[in-house]
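Nothing in this text is a laboratory measurement; each read-out follows from the coordinates by a stated rule. Everything quoted here is computed from the prediction, not taken from an experiment. Positions of Cβ are backbone-derived with ideal geometry, glycine not excepted, and every protein chain shown enters the neighbour counts.
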Amino acid sequence: MSQSNILKALSKESNLYTAIETIGTLQRFKKNEIIYLQDDEACNFFLLKSGRVRLFFTAMTGNELTMKILGADDIFGDASYFSHTARITSASALSDVELYSVELDDLVPHLTQHPELIAELLDTMAQTIRLFSIQVYSMGFLSADKKVAHLLVQLGSYFKQYGSDQEYCIDYSHQELADLIGIARVTTTKELKKFENKGWVSLAYRNIQVLDETALKDYLLS
């Protein structure tokens, strides 16, 4: 799979961010509070101002599968909203959260005046589709160790300061990483410690420092 950007947040300098900030309704959620549930009617979409949000599927058995962990400036809930379908995931606050809730009727005047906003919206939806595709690939075809390595490389697109960086910090817990690739936390920790012993990563509380991205990429090809 290509290592291009999969989790690009919306720039605060973008016209779309400015429009949403202007017309959106600011809402606040406490840690662990549900923002919306799977199968709810999609009446709006959101721009995350601060905090962290988890998007997840819930099976009929009650099992949950994390699809994405969002940070500040991420847009979510847009795919279901613009396709006029029910929510395909649930969203919950992983921390105290501030977000803007947006309805299309309020956004249309801005889209009319600034057609480039449509391209920005399409880009955010395309990124979400790409992320889901990468997760399906990882879950279906990679062993546990390579699932972890693959995710660390993919997350580099989000956490790098510059695209050419070989080192970057990922501020996810081991549980959050495990949830994203559908394996047990203990397995994720075991594989991360193997990578640490090889000198590829350094581990701290809720922080994974990638030290050698090239080594992780080479490992995926081995």
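Assorted remarks:
- Each of Met139 and Glu41 was given a label point 7 Å from its Cα along the Cα-to-Cβ line. The distance between the two points is 2.9 nm.
- When each of Lys30/Lys147; Lys68/Lys198; Lys49/Lys160 is checked by Cα-Cα distance, pairs over 24 Å: Lys30/Lys147; Lys68/Lys198
- Helix-only mean residue ellipticity at 222 nm for the chain, each DSSP H run of n ≥ 4 adding -39500 (n - 2.57), per residue, nearest 500: -13500 deg cm²/dmol
- Estimated inter-spin distance, Cys169 and Ala184, nm [label 7 Å along Cα→Cβ]: 3.1
- Computed label-point distance, nm, for sites Thr18 and Glu196 using a 7 Å Cα→Cβ extension: 4.5
- Segment Val108..Gln27, full-extension length gain: 27.1 nm, with 0.36 nm per residue of separation and the alpha-carbon distance subtracted.
- In plain terms, the residue of Asp73, Asp165, Asp105 with the fewest other Cβ atoms within 10 Å comes first and the most crowded comes last, giving Asp105, Asp165, Asp73.
- Note on Ser138, Ser164: ascending count of other Cβ atoms within 10 Å places them as Ser164, Ser138, the fewest first.
- Structure-derived P(r) over Cα pairs in 5 Å bins from 0, in percent - corresponding label in (i) 1, 6, 14, 18, 19, 16, 12, 8, 4, 1, 0, 0; (ii) 1, 6, 14, 16, 16, 13, 10, 8, 7, 5, 2, 1; (iii) 1, 6, 12, 14, 13, 10, 9, 7, 8, 8, 6, 3, 1, 0: (i)
- Folded to 0 to 90 degrees: helix 104-113 orientation relative to the chain principal axis, Cα: 90
- Distance from the Cα centroid of the range 22-53 to that of the range 190-220 is 33 Å (rounded to whole angstrom).
- For peptides 17-29, 114-126, sequence by mean Cβ density within 10 Å, most packed first: 17-29, 114-126
- The order of the peptides 42-48, 52-58 by mean Cβ neighbours within 10 Å, most packed first, is 42-48, 52-58.
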